[in-house]
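Below: one structure, written as structure tokens.
The values are calculated or read from the model by the stated rules, or taken from the named source; none is laboratory data. Everything quoted here is computed from the prediction, not taken from an experiment. Note that we place each Cβ from the backbone using ideal geometry, even for glycine, and neighbour counts take in every protein chain shown.
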Amino acid sequence: MLRFVRQRVTASLISLVGLIVLVFFLSRLTGDPTNLFLPIDASDQMREQFRQLHGLNDPLIVQFGRYVWDLLHLDFGESIRQARPAINVVLQAFVWTFQLAVITMVLVTLAAVVCGSLAAFNAGGLFDRFVSLLSLIGAAAPDFWVAIVAITLLAVKLSWLPTSGTGTLWHWIMPIGVLFIRPFGLILQVVRGSMLSTLGSAYVKTARAKGVRTKSIIFVHTLRNALLPVITVIGDQAASLLNGAVVVETIFGFPGVGKLMIDSILQRDFNVILAAIMVTALAIFVMNILIDLGYALLDPRIRY
Amino acid sequence: MSEHLIEVRDLVVRFHTAAGPVTAVDGVSWYLDRGETLAILGESGSGKSVSASAVMDLIDIPPGEIARGSVLFEGRDLLKLSREERRRIHGKRIAMIFQDPLAHLNPTYSVGWQISEMMTAHGISRAAAGQRALELLRRVGIPDPEGALGRYPHQFSGGQRQRLMIAMALAMKPDILIADEPTTALDVTVQAEVLALLKELQKETGMGLLLITHDLGVVAEVADRVVVMNAGKVVETGTARDVYHNPAHPYTRRLIGAAPGKGAMHEPVATGEPLLRIENLTKSYGAVEALKGISFDLLPGETVAVVGESGSGKSTLARTLLRLEDASGGRALWKGRDLLAMSTRDMFALRRQIQMVFQDPSQSLNPRMSVFQLISEAWAIHPDILPKARWRERVAELLTQVGLSPDHARRYPHQFSGGQRQRIAIARALALEPDLIVCDEAVSALDVSIQAQVIALLDQLRRDLGIAFLFIAHDLPVVRDFADHVVVMQGGRLVEKGTVRQIFDTPKEPYTRALLAAGLDPDPDVQASRRKTRAAPALALL
């Protein structure tokens, strides 16, 4: 098991290095940030000074060498825009995104597992058809459209909820609600399908022949086995949320890492882009390792 | 009131399918008394399991429907009880074990937990249940019972898993044990042990045992009475001896007649240079040696059977010869040239001379290809055999040769029965006009009557076309009727080889003798006398 974790960590670090190289050079292709930061009437001297200060005049390879050297000392560089360490900027935003992702995924998982299990147990019934329809609509509706409709209806027309920001608990409802829809529909369908095939399995038949109670058959014998394929999908969905729900964060003015990334790309705030990508990548690597360990926990046949 | 332990009366069960209702059992009646063993004997599709499923409330309604009949247990009709009342009977009063214990045990819970659950579901405390689970594991002969409680199903062997199922089923000391094909997936030697255990436990507890099986040998070994089923109806019932010796119904007669291992044995006549000479063949997977120096010859037009239990290396042998896997050492000379050292190009040309027929035709035939495509595909790969203009004609010819009709060419595999599918697989192998056909458990998945037909077909092809067969099987009686030479394997080692007569009449090695002794004869009298001789050494030890 320790060997497995070590292997996965090594593999993750290698991809992280590749990612840094790729993003470092690609982001430089977008152009020089100087003109974006200084006012239009700034003198050539001021521009030159700005470039000197941020080391933008050096050859790219020298800039890269300097960046890596600093990185090895855990220095992610300064944010040009905010004039403070890039990593602080990113971590501050990541905390928001992390909260949003965790709360959404916990709600989605609970709701999808319960609804999916019940739908499967009564396959073809009224409840099954209702949730299947719901999840189809959820999967088909684009999230930016749902977000805008929600703002128009709940915030503007009815004034029940604030349009954007993060001040109170009420601020969280719309972003979470919009993010909830798509993974809920998807995971519900996976749970339903997996439960259906597991309910037809031979060991469930054995449980029936043992005189085990129905509740126990569904939630003890079937669910644990049915959850194995579901975990993969949950992980996949959680990863896309951790990456920053760019559209939703932008629409609701939510100060998460997705919005931060978009802003820093537009402003060519290179150090922030790189730090944001490293932090989210790291979070996804950690989560994938946790998912693999979760597999081993649920299924005794899997041992690392 | 019924004075029997359990009685099924006039049961009719239908299943509503997309193609209309199908009557699975039609007016089936049987009874079981305390301490008695009743066997329900039938082939696939006979409905032999359906009445037991009705007893255990395992028929899904819908699509199933119990149209008529009753199941009397202690004077009550089980079919009229509520779900909860029936649940309290299941496992506690009537327990059931199944064919494939690996699939029927939950993979994610420990064995101890699953056995205990049988008891906690019926109101016994977890501590008491744990105690009893340990006792049960000891009773059914699981090694290291304390440790076994915490292990998971996949960590046991096939025979041990069935013992675990039996331990679980007997936890509540049920009055009735239903065993649905309990030994079908097991090796013969393990089958004998499991059946003996069931009989012993029955003697101890006095339970009634209902055994569902397709195997006349199992009936002969354990059953007092037998109910023979065909196409959803009971065709004959009586004591196991009576039914075997004086079968009244033509179907029963046909079934008994089809039992393998009764015909005349072949006298090998083939002479000349060997078609295939295997010399000291070895294969290892890491530290595991799957083949430990196998050597034998196969002459043109002759059948060599390779017999062994699971893990004997018999399938590895076939796969290695066909270069589906690389050998670790040794030679396999095909008409004097070493198969194992051939280049890919030479091997390609040679493949048409060696064809293979697999165990499960529903998996080895591509379901999206018609029979014509399946058979003619070979000629598309080896274009020099037959010009395209003659394909249709030749497919028709081959289908006739394997006992199918030329218009079957347009159909797809799912439209055929298991036996017919295996005939298609054989026709496909014949398309390349091979010198050798390797059959890997080619008749194991088939019903006995179909098995006999396929064997007869292979035998005829050998006579008419002079094709040699390498016939890999776990089933000795099948081999007895068909092989010229027999090679017995165990644990990757060649134990004994000889003519079919030498192996069956005068086996030299103890393992061969044990294998032959463990095989079940369809005649109850033969089995009874074998049981006596088996018991004798045990008594001598006392």
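Numbers below:
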{"item": "Elements of type helices (runs of 4 or more DSSP H) in the stretch B:434-542, at least 2 residues being without any contact (Cβ under 8 Å) to a residue 40 or more places away in the chain and among the small types (Gly, Ala, Ser)", "result": "B:524-541"}
{"item": "Test set (1) within 20 Å of A:Arg8 (Cα to Cα); (2) part of a helix (DSSP H, G or I) - A:Tyr304 fails condition number", "result": "(2)"}
{"item": "Exclusive hit being under 27 Å from A:Val5 (Cβ atoms), out of contact with any Cys (no Cβ under 6 Å at 6 or more places or on another chain), without any contact (Cβ under 8 Å) to a residue 40 or more places away in the chain and assigned by TED's automatic domain parsing to the domain that holds A:Leu110, set A:Leu266, A:Leu290", "result": "A:Leu290"}
{"item": "B:Glu204 being over 21 Å from B:Ala445 (Cβ atoms), surrounded by fewer than 20 Cβ atoms within 10 Å (Cβ to Cβ) and either free of Cβ contacts under 8 Å to residues at least 40 places away in the same chain or not assigned by TED's automatic domain parsing to the domain that holds B:Pro477 (or both)", "result": "yes"}
{"item": "Residue under evaluation B:Asn106, criteria (1) without any contact (Cβ under 8 Å) to a residue 12 or more places away in the chain; (2) at the interface with another protein chain (Cβ under 8 Å from one of its Cβ atoms), criterion not met", "result": "(1)"}
{"item": "Where A:Leu169 falls short, out of the listed (1) free of Cβ contacts under 8 Å to residues at least 12 places away in the same chain; (2) within 14 Å of chain B (Cβ to nearest Cβ)", "result": "(2)"}
{"item": "Residue match in the stretch A:252-259 (condition: assigned by TED's automatic domain parsing to the domain that holds A:Leu196, modelled with pLDDT under 85 and either surrounded by fewer than 23 Cβ atoms within 10 Å (Cβ to Cβ) or more than 16 Å from A:Val90 (Cα to Cα) (or both))", "result": "yes"}
{"item": "Residue in the stretch A:215-226 that is assigned to a helix (DSSP H, G or I), facing chain B (nearest Cβ under 8 Å), under 29 Å from the mean Cα position of the chain (by Cα) and under 26 Å from A:Asn288 (Cα atoms) present", "result": "yes"}
{"item": "Whichever residue in the stretch A:123-164 is of a type outside the set (A, V, I, L, M, F, W, C) and surrounded by fewer than 12 Cβ atoms within 10 Å (Cβ to Cβ) and, among such residues, is modelled with the lowest pLDDT", "result": "A:Ser159"}
{"item": "Meets criteria (more than 30 Å from B:Phe98 (Cα to Cα) and either at pLDDT below 85 or not in a helix (DSSP H, G or I) (or both)) for A:Val233", "result": "no"}
{"item": "Unique residue being within 14 Å of another protein chain (Cβ to nearest Cβ) and at negative phi when the list is A:Gly235, A:Gly294, A:Gly258, A:Gly193", "result": "A:Gly294"}
{"item": "Positions within the stretch B:69-83 being part of a loop (DSSP other than H, G, I, E, B) and of a type in the set (Gly, Ala, Ser), in sequence order", "result": "B:Gly75, B:Ser82"}
{"item": "Strands (runs of 3 or more DSSP E) wholly inside the stretch B:196-304 containing at least 3 residues that are among the charged types (D, E, K, R)", "result": "B:276-285, B:288-298"}
{"item": "Out of B:Leu399, B:Leu386, sole residue that is surrounded by 14 or more Cβ atoms within 10 Å (Cβ to Cβ) and touching a Lys or Arg at 6+ places or on another chain (Cβ under 7 Å)", "result": "B:Leu386"}
{"item": "Residue within the stretch B:38-45 that is out of contact with any strand residue (DSSP E or B) (no Cβ under 9 Å at 6 or more places or on another chain), within 14 Å of chain A (Cβ to nearest Cβ), of a type in the set (Ser, Thr, Tyr) and in contact (Cβ under 8 Å) with a residue 12 or more places away in the chain present", "result": "no"}
{"item": "Residue tally, condition touching a Phe, Trp or Tyr at 6+ places or on another chain (Cβ under 6 Å) and of a type in the set (A, V, I, L, M, F, W, C), over the stretch A:219-277", "result": "3"}
{"item": "Some residue of the stretch B:220-228 being closer than 27 Å to B:Ala171 by Cβ, aliphatic (A, V, I, L, M), buried (at least 17 other Cβ atoms within 10 Å of the Cβ) and in contact (Cβ under 8 Å) with a residue 24 or more places away in the chain", "result": "yes"}
{"item": "Enumeration of residues in the stretch B:103-130 that are in a helix (DSSP H, G or I), hydroxyl-bearing (Ser, Thr, Tyr) and touching a Gly at 6+ places or on another chain (Cβ under 7 Å)", "result": "B:Ser116"}
{"item": "Matching residues, the stretch B:311-338, being assigned to a strand (DSSP E or B) and without any contact (Cβ under 8 Å) to a residue 12 or more places away in the chain", "result": "B:Arg337, B:Asp338"}
{"item": "B:Val8 being in contact with a helix residue (DSSP H, G or I) (Cβ under 9 Å, 6 or more places away or on another chain), more than 14 Å from every other protein chain (Cβ to nearest Cβ) and buried (at least 19 other Cβ atoms within 10 Å of the Cβ)", "result": "yes"}
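Residue-wise test of (1) surrounded by fewer than 19 Cβ atoms within 10 Å (Cβ to Cβ); (2) out of contact with any Phe, Trp or Tyr (no Cβ under 8 Å at 6 or more places or on another chain).
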position: B:Ile256; (1), (2): yes, no
position: B:Ala259; (1), (2): no, yes
position: B:Glu267; (1), (2): yes, yes
position: B:Pro274; (1), (2): yes, yes
position: B:Thr282; (1), (2): yes, yes
position: B:Val288; (1), (2): yes, yes
position: B:Leu291; (1), (2): no, yes
position: B:Leu333; (1), (2): yes, yes
